[in-house]
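Asks: Submitted below is the structure of interest, expressed as structure tokens.
The values are calculated or read from the model by the stated rules, or taken from the named source; none is laboratory data. Since the structure is predicted, the reported quantities are computational estimates derived from the model, not experimental observations. When we count neighbours, we look across all protein chains shown, and the Cβ atoms used for this are built from the backbone with ideal geometry, even at glycine. All accessible areas refer to the heavy atoms of the entire protein, side chains included, with ligands and DNA or RNA removed. Shrake-Rupley method; radii C 1.70, N 1.55, O 1.52, S 1.80 Å.
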Amino acid sequence: MEVFEHIGSVASSLIYFALGSRLTLLGARTRSGAEWLIGLTFLSWGAYYALWFLSIGLHSQSALEFEIFITARAIDCLGMACFAFFPLLAFRRGSTWAKWLAASLAICVIAGIPGSSWAGDPKGVSPLTNFWWWLEWLGSVGSGVWIGVEGIHHYGITRARVRLGLCEPIVGHRYLLWGLAGVFWTLLDIIVIGQYVDFWATQTWSSALENLVGLLEIAALAMVWLVYFAPAAYQRKINAPAASA
């Protein structure tokens, strides 16, 4: 079956569901909006992949395949809108400019589906002929870049505090992990351009590019998992230099 050729995305879909569930429960337990929002984002992306794989399996039934694909797009849009607001709650809560940036990125994503439909590309798979595809992509890549910049910026600030003994190294390390996650998400969105251009030209999804996207997603998810659920032994290793000092 064609879906099993995209093993990287299959794996990332399962991880999205698993990590998204844990983060959503964590957010509900701690009443933290950031954890709840990123958990909802991952659950949405997991559902998007599941429906996308289903649409591949129903390729011979064009009407049903189209409806499932559009539903998947709508769910992905929900996840991307949540993703746009995550850096606001995680790094810049209360900042006026950050609120406007998050809202702008979310609007870019949300406008993509009706805009693409109006342009005659309801599936959003024609970047070379559909301006709305790029607007949606801008909302996606902008969120990843924002997370990467904030993570690296806060990591730099925290290093000085670690040297002064004002916080443990694991705190700064978590910011570094967020920075790396943002880098992986940004690289993913850049590769997505080639992925969709290739589909536009051949009307076939490239398994190689799909698996590369899946691997980058898994790498970003691994960073998020270490931020929230790093094993005790891992945390002790990161904190070891400070403990020795």
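Asks: Would you kindly state how much longer the chain becomes between Glu67 and His153 on full extension, computed as 0.36 nm times their sequence separation minus their alpha carbon distance, in nm to one decimal?
Replies: 26.7 nm
Asks: Based on DSSP H assignment, which helices of the chain show an axial Cα extent of at least 27 Å together with a mean Kyte-Doolittle hydropathy greater than or equal to 1.6?
Replies: Span-like helices in the chain: 207-229.
Asks: Give me the distance in nm between label points sitting 7 Å out from Cα along the Cα-to-Cβ direction at Thr202 and Leu166, one decimal.
Replies: In this crude label model, Thr202 to Leu166 measures out at 5.3 nm.
Asks: Provide Phe86, Phe199 ordered by accessible surface of protein heavy atoms (probe 1.4 Å), highest first.
Replies: Phe199, Phe86
Asks: How much length is gained on full extension from Arg31 to Ile107, taking 0.36 nm per residue of separation minus their Cα-Cα distance?
Replies: Going from the current span to full extension adds 24.8 nm.
Asks: For Ile191 and Arg92, compute 0.36 nm times the residue count separating them, minus their Cα-Cα distance, and round to one decimal in nm.
Replies: Gain in length upon complete extension: 32.8 nm.
Asks: Can you classify region 5-137 as rounded, prolate or oblate using the Cα gyration tensor, where a ≥ b ≥ c are the square roots of its eigenvalues, rounded means a/c under 1.5, and otherwise it's prolate if a/b beats b/c and oblate if not?
Replies: Oblate, since a/c reaches 1.5 and b/c is not below a/b.
Asks: In the chain, carbon and sulfur make up what percent of the accessible area (probe 1.4 Å)?
Replies: In the chain, the share of accessible area belonging to carbon and sulfur is 69 percent.
Asks: Could I ask something else about it? Roughly how far apart, in whole Å, are the Cα centres of region 108-164 and region 90-107?
Replies: Using only Cα atoms, the two centres lie 13 Å from each other.
Asks: Take Leu54 and Phe131, extend 7 Å from each Cα along the Cα→Cβ direction, and tell me the distance between the two endpoints in nm.
Replies: It is 3.5 nm.
Asks: Let me ask you something else. Can you give the calculated 222 nm mean residue ellipticity of the chain, where each DSSP H run of n ≥ 4 adds -39,500 (n - 2.57) and the sum is split over every residue, rounded to the nearest 500 deg cm²/dmol?
Replies: It lands at -29500 deg cm²/dmol.
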